[in-house]
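What follows is a short report on a single structure.
The values are calculated or read from the model by the stated rules, or taken from the named source; none is laboratory data. Keep in mind it's a predicted model, so treat the numbers as computed, not measured. FYI the Cβ positions are ideal-geometry reconstructions off the backbone, even for glycines, and counts take in every protein chain you see. When the accessible area is computed, the model is the full protein with side chains, heavy atoms only, and any ligands, DNA or RNA have been set aside. Shrake-Rupley method; radii C 1.70, N 1.55, O 1.52, S 1.80 Å.
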Amino acid sequence: MAVGRSVPVRDAEARVRGTIPYLADLRLPGMLVAKIVRSPFPHARIRHLDPRPAMGIPGVVAVLTAHDFDRPGAPRLFYGVDRKDQPIVARDRVRYMGEPVAAIAAETPEAAEEAARAIEVEYEEQPAVFDPVEAMQPGAPLVHEDCPNNIFLHTRLRHGDLEAGFAAADLIVEETYTTPPASHAALEPHGVIAWWEGGHLTLWSTTQAPFVIQETLAEIFGLPRESVRVIVPPLGGGYGGKGYVRLEPIAAALAWKVHGRPVRLILDRFEEFVTLTRHTACIHIRTGVRRDGTLTARQVEVYWGAGAYADITPRLLRSAGLVRVVGPYRIPAVHVDAYGVYTHLPPAGPFRGTMSFEGAWAYESHMDTIAHRLGMDPLELRRKNILRPGDRFCTGEVIDEAFFLECLEAAAQRLGWGQPYEKGEGTRRRGRGLAIMMKSTLPRSRSECRLILRADGMLELHTGTVEMGQGAHTALAQIAAAEMGLPLERIEVIGPDTARVPYDATTSASRSTSMMGAAVQKAAARLKEEIRQRATPLLEANPDEIIIQAGRAWLQGRPEIGLPWEEILRRHGLEALEAHGVFETQGGLDPETGQGIASPHWHQGAGACEIEVDTETGKIRILRYCAAAYAGQVVNPALAELQNQGNVVFGLGQAMMEQIVFDQGQPANANLSDYPIPSLRDLPNELISLLLESPEGSIHGLGEMTLPPVAPAIANALFDAIGVRIRDLPITPEKVWRALHGDEADL
Amino acid sequence: MAMKQTFELRVNGRIHRVEAAPDRRLLEVLREDLGLGSVREGCGIGMCGACTVLLDGRPVSSCLLLISQVHHQEIVTVEGLGGHGTLHPVQQAFIEHFAFQCAYCTPGFILSAVALLEREPDPDEQVLLEYLSGNLCRCGSYLNILKAVRAAAQGRKPPSS
Amino acid sequence: MSPEVLHPATLEETLTMLEAYGEEARPLAGGTALVLLLRHGLIAPRALICLEEVSELQSIQFNEDHVWIGAMVRLQTLARSPRIHTRFPVLAMACGEVGNIRIRYQATLGGNLAEADYASDPPIALMVLDAIVWAQRAKSKRAIPIAGFFHGLYTTALEPNELIVGIQIPYPPPGARMAYLKFRTRSAEDRPCVGVAALGIFEDGGCRDLRVAVGAACERPQRLPEVERLATGRSLDERMIRLIAQGYADQIETLSDLRGSADYRRRMIEVHVRRALEEVCNGGGAVGASAGR
């Protein structure tokens, strides 16, 4: 069977030879180089912008400014997947440091650079606001004049009687947790090649969402969708940062102005930091609990700092931003208020573990505070309240596939939870902590695929799923191979290319192996039917007596009477036989109450760790980390394991070191020296990955599950070790040290 | 102001003539002028190792070198490892041990490992980290990378040991 | 805009070029720092004088009472040289902690000193070794004691057209014990929040000579001779170690950056000076010890 086997990714050899073609490796004839001119201020009026000095520079082909959008037949200046609040280039106001004000297409990078320097822009700086809570205060500078208090969306979840819940509590615990902006820091930067030719736009883009790009650009340019083609090469990492619309509009607008020649735009590392960040979050969480540990009520207020443009945040707030901040617990009364707030920072968007990371940071740290106040073991408190199969979540939906407790206990047990251990002495103290998370995937989304059996016996799998290192193309090929009973070598994966493959919502939210995988299964079933129909007259049998498997069609019980599929196609004079598979998830939440179906299934992951903290420096060393994910049916164990390890490594960075420091809106560490990401030597001394399999379970995406628990598990272990509670990420040595030695800090 | 000059570069055992400004970065020369796509820009400041090349066997960041600094040394990129149809043992080990995800960092890691094993055929953990910890993998495949390099080192030992 | 790159083969040629171009030329050693300055437009020299082939700058010479390290000797060479490790373990450790393996294989000791980056390890080690920086220009050559070499952030005692040709380090007496501690607050690949080098010479259970240098937490690496002298002729016991650590914490003017605030750094100086001295006391002979991840 192809499913359940650890096979290397399909293009493994090209990957180790360095020959897989990332976007930056593509060469098109006549290709121009693009450069963006960006605002140096977080908030300013543009008093004057003169592109003319740039136009005279040899090698400069086009300069794009907001004026170009005034021409008849011009594309729309404003776009956005939800609120159309973002201009392709700023017109009269810039709202974050790094916002594009102009773009240049030139024959060489040198000419583009020179032109960028030559463009004259006169700014008048305006007061700015960077923190979402400050931005909501009366009198705060407005990011968009039509948006009072800078709140562009307030969503609500209402479940049960909150007052009664708190009245029934013996103890009410209230805390505030915060997380800073962070950078996805994919080693491959964002890039686009855009080419306008005779009313058709072709883009090669480092995107996780080719069909969203197609739809958005068709809208911007007033084109039918078919006139926009989006092709995605393999990505050098995504982590959400390449989700939704990024550089495509500006690159396409520049290409529109150039007309006839491809234009390539690749960001440098600085630009990466001002293109998309993680949200700045402030989470107030208040929980009522009985003396025996039963949770009675929970109220959560979350302020999601979205930066200067709403981008994908409104969509997230209608579901993810509500349900990912509650926790996998049975609580009779839950109210959540989520606010999307503009600030004068770069836009925020999806980020590996989107909103679950921030949510789990708050609710899992908070659970340990509650356990401590009750004098209860943290695992016991969770065990008492955790969602079990058949329980209702705060959205009203019943959770059937619930393995939260199993994940938590697997991680805890592997760590030796409850058993005595060396607590350390003197300046080296040890502690243990654990955490669990639940994450929704996308409701109301669709994945389609096409399988084409060719006369040469090869099976083409056409998919819009983006391969970004997660191994999705390999896993999908394995699913196709298993369904059709073919060896993997006979599967060829095609796409993503909107002109060739059917629709897929996005490659995000760990949805691909599960949803595209389901589409592949459906297509395979149909393809088998197609083959059966063609085989029936040739084998002179009833269709239901024919077995379609492993490249042959044969009579049940008489395998010697049969034909290879190639032969069936040949006898019918067919070049190919194709079948389409569609998998769609339903659901969605009521906009007023947050009740409904938030997710077709739930991602479940836990972490448990033992740390050692140096009480003189505040520095933490992670001695052991166990990450347990509910994996359901595993398609490729080695790749699944790799995803799980990656979660922990990524999570460690978010937990302990990563933060884009904005100083009055200016990024102070927009490079990979001042913004560190985890290295080999930052790994825990021991990293244990546990995948809970269930052969009857569904297939799950594993790229996020065990990431959100990392930060709270470490924070809880820290509290266990030295009684210090950190509520603001990242957990730096200095924060720990200040919490321990607060008095000495005031020198 | 200096104009373009002609440089003779020895890359992967062949001599290439390159017309370039003397301060052009080796990274750009290899990528743009010689079409060696395995040499990749990640951070541009020598931190990530995606642009690692071997310069007379030493691992260096090609984003921090000017073409003028290197024109007498032998440069090796991943394209110069292995042969037609065969892989270098380190490359083979990376496949066998699933030592990559997006693989943007992979050529850099492989070259660091090759440099390591040339010098230290039987590296201890400390030397392993000395050579490998300066390459960054954002996907977090580190454990498998270590496994792969250890296995490649084992494979180099004579069978008796 | 491109500078021309010159390739002198001898020191004499190099110095003549430097003289001819004056301030419009920059010597190019390993280039790991200079290339970034060029790229970011922070410098725009007319010429770069590449030192790669200047034979006089390349060697390490173990002379009778000192070692001579040519300016172009790479940090990795120093980190891995058995003889450097034996005689100057603190230097080998500090050089082995710089950046990553690729930087160490490219960067040179002379280039490292000329850059005068405050968050760098080797200068701190050279401070406790009483190194002498030899600087030369067309018609003159001078010795600059390392204690007076660094003037502040990215500024040194070097004069225009002056080139570091080598670093002379006297052999510490046999039995000198050394330690280098690099304290990082974020990734293991990060630059230091605090770096501490220590060297102790002991006789008859007492301390004959104690040297402690602190860097990365302040604008330039520093020693505090009056604090070091507290230990002279005394036993380096726990109380003495605390006194010295306290002295460094009190007197060094710390700076704030992303790796730690000034207040925190002050306390980290205290902790790491103490730990370095404990290592010096516990570590045997001239084999230094390193901690610090």
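Would you mind listing the helices (runs of 4 or more DSSP H) fully within the range B:90-161 where at least 2 residues are of a type in the set (Val, Ile, Thr)?
Answer list for the range B:90-161: B:106-119, B:142-156.
How many residues are within 30 Å of A:Leu247 (Cα to Cα) and open to solvent by less than 10 Å² (accessible area, probe 1.4 Å) when one looks only at the range A:326-344? Steps first, please.
Restricting attention to the range A:326-344, the residues satisfying the condition of being within 30 Å of A:Leu247 (Cα to Cα) are A:338-344.
Then keep just the ones that are open to solvent by less than 10 Å² (accessible area, probe 1.4 Å); that gives A:338, A:340-344.
The total comes to 6.
Could you please find all residues in the range C:258-274 being of a type in the set (A, V, I, L, M) and either within 9 Å of chain A (Cβ to nearest Cβ) or surrounded by fewer than 24 Cβ atoms within 10 Å (Cβ to Cβ) (or both)?
Just the residues of the range C:258-274 that are of a type in the set (A, V, I, L, M), to begin with: C:258, C:262, C:268-269, C:271, C:273.
Correct list: C:Leu258, C:Ala262, C:Met268, C:Val271.
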Exercise for the section: Could you figure out which of (1) within 27 Å of A:Ala348 (Cα to Cα); (2) outside any strand (DSSP E or B); (3) touching a residue at least 12 places away in the same chain (Cβ under 8 Å); (4) more than 14 Å from every other protein chain (Cβ to nearest Cβ) isn't true of A:Pro138? Expected result: (3)
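Taking the range B:75-88, which residues are under 13 Å from B:Ala115 (Cα atoms), more than 9 Å from the chain's Cα centre (by Cα) and either open to solvent by 40 Å² or more (accessible area, probe 1.4 Å) or at the interface with chain A (Cβ under 10 Å from one of its Cβ atoms) (or both)?
Step one: of the range B:75-88, the residues under 13 Å from B:Ala115 (Cα atoms) are B:75-78, B:81, B:88.
Imposing the further condition that a residue be more than 9 Å from the chain's Cα centre (by Cα) reduces the set to B:75, B:81, B:88.
B:Leu81, B:His88, listed by residue number.
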Practice task
Enumerate the pairs (first residue in the range A:243-260 and more than 18 Å from A:Glu271 (Cα to Cα); second residue anywhere and open to solvent by 10 Å² or more (accessible area, probe 1.4 Å) and at pLDDT below 95) with beta-carbon separation below 8 Å, excluding pairs fewer than 6 apart on the same chain, so at least 6 apart or on different chains.
Solution key: A:His259/A:Glu197; A:Gly260/A:Glu197
Exercise for the section: Taking A:Leu217 as meeting all but one of (1) more than 27 Å from B:Gln101 (Cα to Cα); (2) in contact with a His (Cβ under 7 Å, 6 or more places away or on another chain), write down the number of the exception. Expected result: (2)
Exercise for the section: Would you mention how many residues in the range B:30-80 are out of contact with any Ser or Thr (no Cβ under 7 Å at 6 or more places or on another chain) and hydroxyl-bearing (Ser, Thr, Tyr)? Expected result: 2
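Are there any helices (runs of 4 or more DSSP H) wholly within the range A:650-747 with 1 or more residues that are at the interface with another protein chain (Cβ under 7 Å from one of its Cβ atoms) and buried (at least 21 other Cβ atoms within 10 Å of the Cβ), and if so which? It would help to see each step written out before you state the result.
Numbers: elements: A:710-722, A:733-740, A:742-745.
Here the list reads A:733-740.
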Practice task
Within the range B:89-113, track down each residue that is surrounded by fewer than 24 Cβ atoms within 10 Å (Cβ to Cβ) and either under 18 Å from A:Ser679 (Cβ atoms) or more than 7 Å from every other protein chain (Cβ to nearest Cβ) (or both).
Solution key: B:Pro89, B:Gln92, B:Glu96, B:His97
Completion exercise
Note on C:Met72: of the conditions (1) touching a Phe, Trp or Tyr at 6+ places or on another chain (Cβ under 7 Å); (2) open to solvent by less than 10 Å² (accessible area, probe 1.4 Å); (3) not polar (S, T, N, Q), unmet is (1)
Completion exercise
C:Lys139: passes all of (1) over 18 Å from the mean Cα position of the chain (by Cα); (2) modelled with pLDDT of 95 or more; (3) of a type in the set (Lys, Arg) but (2)
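Do you know which residues across the range A:415-442 are outside any strand (DSSP E or B) and of a type in the set (S, T, N, Q)? Can you show your working first?
At the first step, the residues of the range A:415-442 found to be outside any strand (DSSP E or B) are A:415-423, A:426-427, A:441-442.
Once the filter is applied, which keeps residues that are outside any strand (DSSP E or B) and of a type in the set (S, T, N, Q), the range A:415-442 yields A:Gln419, A:Thr427, A:Thr441.
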Exercise for the section: Go through the residues of the range A:16-30 one by one and say whether even a single one is of a type in the set (Val, Ile, Thr) and within 30 Å of A:Gln126 (Cβ to Cβ). Expected result: no
Exercise for the section: Answer with yes or no whether A:Leu162 is open to solvent by less than 40 Å² (accessible area, probe 1.4 Å), over 30 Å from A:Leu49 (Cβ atoms) and over 29 Å from the mean Cα position of the chain (by Cα). Expected result: yes
Completion exercise
Given (1) on the phi > 0 side of the Ramachandran plot; (2) open to solvent by 40 Å² or more (accessible area, probe 1.4 Å); (3) not small (Gly, Ala, Ser), B:Glu28 misses just (1)
Practice task
Hey, could you check the range C:185-217 for residues that are among the hydrophobic types (A, V, I, L, M, F, W, C) and farther than 21 Å from C:Arg265 by Cβ and say which is farthest from the other protein chains (Cβ to nearest Cβ)?
Solution key: C:Ile201
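Tell me the residue from C:Arg229, C:Arg220 that is open to solvent by 10 Å² or more (accessible area, probe 1.4 Å), away from chain A (no Cβ under 14 Å) and not in a loop (DSSP other than H, G, I, E, B), please. Break it down into steps so the answer makes sense when it comes.
Details: C:Arg220 fails: not in a loop (DSSP other than H, G, I, E, B).
Testing whether each residue is open to solvent by 10 Å² or more (accessible area, probe 1.4 Å), away from chain A (no Cβ under 14 Å) and not in a loop (DSSP other than H, G, I, E, B) leaves just C:Arg229.
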Practice task
Could you run through the range A:621-637 and say how many residues are closer than 14 Å to A:Gln413 by Cβ and aliphatic (A, V, I, L, M)?
Solution key: 2
Exercise for the section: Report those helices (runs of 4 or more DSSP H) wholly inside the range C:1-86 carrying at least 1 residues which are touching a residue at least 24 places away in the same chain (Cβ under 8 Å) and more than 13 Å from every other protein chain (Cβ to nearest Cβ). Expected result: C:11-21, C:75-80
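Checking the structure you have, find out if any residue of the range C:62-70 is polar (S, T, N, Q) and more than 22 Å from C:Ile144 (Cα to Cα).
Of the residues in the range C:62-70, the ones polar (S, T, N, Q) are C:63.
With more than 22 Å from C:Ile144 (Cα to Cα) added as a condition, the list becomes none.
No, the range C:62-70 contains no residue that is polar (S, T, N, Q) and more than 22 Å from C:Ile144 (Cα to Cα).
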Practice task
Identify all residues within the range B:32-41 that are open to solvent by 10 Å² or more (accessible area, probe 1.4 Å) and touching a helix residue (DSSP H, G or I) at 6+ places or on another chain (Cβ under 8 Å); write none if there are none.
Solution key: B:Leu36, B:Gly37, B:Glu41
Practice task
Tell me, please, whether a residue that is among the aliphatic types (A, V, I, L, M), modelled with pLDDT under 95 and open to solvent by 10 Å² or more (accessible area, probe 1.4 Å) can be found in the range A:435-443.
Solution key: yes
Exercise for the section: Filter the range B:52-66 for residues that are more than 9 Å from every other protein chain (Cβ to nearest Cβ) and not in a strand (DSSP E or B) and give the result. Expected result: B:Asp56, B:Gly57, B:Ser62
